[in-house]
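K.L.:
The structure follows.
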Amino acid sequence: MRNLILATILTFGGTLSAMADDIIKVQTDKSVTEALDALEAAVGNAGATVFARVDHAAGAEKVGLTIPANQVLIFGNPALGTPAMQIDPRAGLFLPLKVQAYEDANGQVWLAYEDPKETMDELDEVEKSPVIEKMRGALAKLTSVAAQ
C-alpha cells in the first residue's frame, strides 16, 4: 500500500521524504505561509471547506517563546468524511483532515500529514473502505499542488 502512496505522490509532483511514523512529508521550496496559502487555495478549488488555520509560531510568540515557522490547515469535505462516519462514528475523532507546513532545523519547508489509513487503522471497516483511498488520494494531490 505504501508503494501506492509513493506512486500517487510522485505522479502529482513534489518530493517525498521517508514515511516514518505514518507521517507523509512533501518537500517544497515555498515558505510556510506560501505553502499553506497554496494549500488553502487548492482545498477551496477542490470544493472542500477550510475550518481553521493554526499558526503555532505565532502562538509561541504570544508566550515569549520561538519556534520556526509552523502552521496547520484543518479542512474537510462531507462527501469523504460522512461515509467514513456512517461506517463507524468514531472516524469523526480523526476528521476533519489536517496538513502541517513547517520549517525544519535546516530551513527546509515541508508539508506533512498523517496517512488516513494508518490513522484509522483501529477502525477495521473504515480502514478497508474505498473512502480511505479517496482521502489518501486527495491529500496526496492537494499537498503536491501546494508544494509546486
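The values are calculated or read from the model by the stated rules, or taken from the named source; none is laboratory data. Keep in mind that this is a model prediction, so the values were computed, not measured. Note that each Cβ is placed from the backbone with ideal geometry, even for glycine, and that neighbours are counted across all protein chains shown.
K.L.:
Identify, please: which residue in segment 105-120 is surrounded by 16 or more Cβ atoms within 10 Å (Cβ to Cβ) and among the aliphatic types (A, V, I, L, M) and is, among those, nearest to Asp37 (Cα to Cα)?
P.N.:
The qualifying residue nearest to Asp37 (Cα to Cα) is Leu111.
K.L.:
Looking only at helices (runs of 4 or more DSSP H) that fall completely inside segment 52-148, which ones have 1 or more residues that are within 18 Å of Ser31 (Cβ to Cβ)?
P.N.:
Ranges flagged: 56-62, 130-147.
K.L.:
Still on this structure: Within segment 10-29, is there a residue that is modelled with pLDDT of 95 or more, surrounded by fewer than 17 Cβ atoms within 10 Å (Cβ to Cβ) and small (Gly, Ala, Ser)?
P.N.:
no
K.L.:
Right, another one. Could you say which residue among Glu127, Glu118 is without any contact (Cβ under 8 Å) to a residue 12 or more places away in the chain, farther than 23 Å from Ala41 by Cβ and either touching a helix residue (DSSP H, G or I) at 6+ places or on another chain (Cβ under 8 Å) or charged (D, E, K, R) (or both)?
P.N.:
Glu127
K.L.:
Using the structure shown, decide if Glu34 is at pLDDT 95 or above, in a helix (DSSP H, G or I), touching a Leu at 6+ places or on another chain (Cβ under 7 Å) and not aliphatic (A, V, I, L, M).
P.N.:
Taking the combined requirement at face value, the residue does not satisfy it.
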